[in-house]
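Engineer: Pasting in a structure now, in structure tokens, and then I'll have a few things to ask.
Any read-out appearing in this document is the output of simple, stated calculations on the displayed coordinates, not a laboratory observation. Quick caveat, the model's predicted, so the values are computed rather than measured. Glycine gets a Cβ as well: all are built from the backbone with ideal geometry, and neighbour counts include every protein chain shown.
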Amino acid sequence: MFHKEKSIQLKNSASALYNNLSVLRIAPRRLTYFTVVHANVVNMVSTSWDGLNYSHRQLQSKEPNVATSTSLIMQAAFCALPSRDLLVVSSQKGIQMYESDGSIMVYWHALDTPEAPTAHAVFARGISAVSDNYVCVGVSSGAVLVFDVPSKGSNITLSEVLEEHKEAITDIASECSGSQECLANLVTADDGGNMCVWKSGEEFQLLNKIPGLDMTCSSVKLWKGTVLAGYGTGQIRLYEAVTGILHAEVNAHARWIYSLDIAPFSGLLLSAAEDSFVRVWHLSITPETNSVEIAHLHNECVTDTQICGAKFCDGDGYAFAVTGYDLSEIIRLVACWE
Amino acid sequence: MSTRTLPLLFINLGGEMLYILDQRLRAQNIPADKAKKVMNDIITTMFNKKFLEELFKPQELYSKKALRTVFDRLAHASIMRLNQASMDKLYDLMTMAFKYQVLLCPRPKDILLVSFNHMDAIKDFVKDTPSILSQVDETYQQLIEMYTPLSNGEFQLIRQTLLIFFQDMHIRVSIFLKDKVQNSNGRFVLPTNGPVPRGTQIPGMIRIFSCSGEELTRLQFNNGGNYSSALREGSFEMFGNRVTKLGTNMYSVSRPVETHMSGTSKSSAQHTKVNAAPNPLAKEELNLLARLMGGLEVQKPGSTDTGFRVNLFATDEEEEEALISRPNELSYGVISIQATKDQQANAELTKIMGEFTESGDPSSSASSKGDDLLAMMDGL
């Protein structure tokens, strides 16, 4: 039901990091951007839809004004806001925001790094655009930084710091930007599997806390008021966001899940793990009747590879892309149903 | 990333090094007393109190170059000598073995069990020497103290940090190829069968719940693999069955140690070019290295008569050939101390390195410190 297309070659291999693939579709220019993190470098590839043109760019995590230090990058993700697209890079030293083609850095936020290394690592991880004008980034302390992003220019400001989590943030997700009205539009997850559900605004409002069972939630998505969470045990769980009611539990993978993605228009769910498998599921959620259905559709095994990133390339889930540890290519799969 | 990675990296690599040296000492028929002295000397140096104190401090991982320097010193902590080619091969084997173990650990915290397997074997090597045994026991305590309270997420961060260190290393190891755990392209086989990790269910079940929590539907799906239930939990204490075989000694006299240099994939060459760029060691790293090496007390050999050379290849000719034919991009590179801008750290390291000078070292030109020492370090 999905067949392999020609892979995209990368300048270097993907590192073993959660959610290590980000995709941005630029319809007006018939281009798709991909980013994959390798240690302290962000590899960017821009591909034309006709498959004929590829261009590469590499961004290194170097903070301005600090001569030689480099730091490891935890995540690079595109944030699509109604007015603009940004590429946000979170590392051990701080957060950088670029124009979506990686050409100009528009903002830099330094983390409070201690003089000497401490037992607890310091880093930023977990990136999402929220509502019309916010970008949220998680920190190893458990804090979530909320940045206010104007429709253009570099006057980005830190608007709020959300301090509910006690463990390092792993992933952040949102839904409902633009005209849609949602009760909850942000979920944040941490190393202990605990999740917080929020409503964005001038002051973000905490709507619910879903306790973890001491097992890391490495990837999270929000869709139709439902939290989709992937865990280190290989399980996927579906919770109703505002109430925390568990709707479904899937023993999905034999190893740690590294990435979840949802195609919002079709309800296709993608899960990828260290067990070499990418699985495609179909979700059916009717919030009014509180009914949830999940069906397994497809397995894709990337032989001898621990997968670290998997993303749909479009909102219908017609195509998806996969990255793996030590793999210097982005594997692409395209649906072949009528 | 994780600031608690270095002790695990060092102990596991050190453990692999001891397995390999033990095998080579027996294969070369080195007299038992000399072989034992070599093993004891290296283990004593590895578990030196001051050294371990530095090692266990929270810190970022060293670069490959810097860590290689530490192991060079460690390998020469006794009367045994190793040529460049043999040292390269030893390090290749050590790193590929630990990379394999890290990749195949079912759960990130199993890396601790792998470490205990290495520690158990080291303890066995020195079971007749009470003084060293107590050093080893103390290290067990430190490991247990530091690592058993960590959460799964923190262990995964350690694992991710290690995997960045091992990124793009695809050196083919004969014993792995024979056992079919490594492919001919240098990548490890990741089976989609076997026991699932503890805490994980065999994939295949979907459960739907009502709002009140009762199970409404149960569905099965095909997981595409062939999994079985998890094995029992290994022991995270000083003694006990670790259950996992990862980290146990896979060498024996009849299974020699070999690596293949040819045919290493192009992409790994590309990456190592980035790494081996002629940048001086960052000042920070130099400082750390100086502090670490300060704790590595090395015994000076009594006389050059008792020293002997260990060869990691079958013959001397093979060893020479390996040195000449080693691809440039796979050389571990020298730490060009001269290039560093930090004179103080440089001087500190020079002083410490100076204390390590062995009189029998053929590459030493003059006995005066300073420039000649720098030259000698560069020649390592």
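Engineer: Give the list, by residue number, of cysteines in chain A with no other Cys Cβ closer than 4.7 Å, or say none.
Structural biologist: Lacking a cysteine Cβ partner under 4.7 Å: A:C79, A:C136, A:C196, A:C217, A:C301, A:C308, A:C313, A:C336.
Engineer: Which order do peptides B:119-128, A:323-332 fall in by mean Cβ count within 10 Å, highest first?
Structural biologist: Working: B:119-128: 17.4, A:323-332: 24.0.
Sorting B:119-128, A:323-332 by mean packing, highest first, produces A:323-332, B:119-128.
Engineer: Could I ask something else about it? Could you check the simple spin-label distance between B:S229 and B:S210, using points 7 Å along Cα→Cβ, in nm with one decimal?
Structural biologist: So the two model labels end up 3.0 nm from each other.
Engineer: How charged is the neighbourhood of A:T32? Take every other residue with its Cβ under 15 Å from the Cβ of A:T32, and add Lys/Arg as +1 and Asp/Glu as -1.
Structural biologist: Its environment carries a net charge of 0.
Engineer: Now, a different point. If I take R0 = 25 Å and measure r between the Cβ atoms of A:Y54 and A:C336 in this structure, what FRET efficiency does the formula 1/(1 + (r/R0)^6) give, to the nearest 0.05?
Structural biologist: E(calc), rounded to 0.05, equals 0.60.
Engineer: I need the calculated FRET efficiency for the pair A:A116 and B:T148, taking r as the beta carbon distance and R₀ as 22 Å, to the nearest 0.05. Intermediate results must be reported in sequence, preceding the final value.
Structural biologist: Details: r = 24 Å, r/R0 = 1.10.
Efficiency for this residue pair is about 0.35.
Engineer: Here's another thing I want to ask about it. Taking the Cβ of A:A168 as the center, what net charge do the other residues with Cβ under 12 Å away carry, scoring Lys and Arg +1 and Asp and Glu -1? List each step's numbers first, then the result.
Structural biologist: Details: positive: A:R125, A:K166; negative: A:E167, A:D171, A:D190, A:D191, B:E154.
Around A:A168, the charge tally is -3.
Engineer: Now, a different point. Of the cross-linked pairs B:K37/B:K127; B:K34/B:K65; B:K65/B:K99; B:K37/B:K178; B:K109/B:K245, which ones have a Cα-Cα span greater than 25 Å in the structure shown?
Structural biologist: On the way: B:K37/B:K127 13 Å; B:K34/B:K65 30 Å; B:K65/B:K99 17 Å; B:K37/B:K178 32 Å; B:K109/B:K245 15 Å.
In this structure, B:K34/B:K65; B:K37/B:K178 lie more than 25 Å apart at Cα.
Engineer: Here is a further query. Dividing the convex hull volume of the Cα atoms of the range B:72-125 by its residue count, what figure in Å³ per residue is obtained?
Structural biologist: Here the figure is 87 Å³ per residue.
Engineer: For the range B:40-108, what does the convex hull of the Cα positions come to per residue, in cubic angstrom?
Structural biologist: 116 Å³
Engineer: May I ask you to compute the full-extension gain from B:I324 to B:D33, defined as 0.36 nm times their residue separation minus their alpha-carbon distance, rounded to one decimal in nm?
Structural biologist: Numbers: separation 291, 0.36 × 291 = 104.76 nm, distance 3.36 nm.
Here the segment from B:I324 to B:D33 would lengthen by 101.4 nm.
Engineer: Moving on. Which of the peptides B:35-41, A:182-188 is most tightly packed, and how do the rest follow, judged by the mean count of other Cβ atoms within 10 Å per residue? Don't skip to the end; give the middle numbers.
Structural biologist: Details: B:35-41: 19.0, A:182-188: 23.1.
Averaged packing, sorted descending, gives the order A:182-188, B:35-41.
Engineer: Which shape class applies to chain A: rounded if a/c is under 1.5, otherwise prolate when a/b exceeds b/c and oblate if not, where a ≥ b ≥ c are the square roots of the Cα gyration tensor eigenvalues?
Structural biologist: It is rounded, given that a/c, with a ≥ b ≥ c, falls under 1.5.
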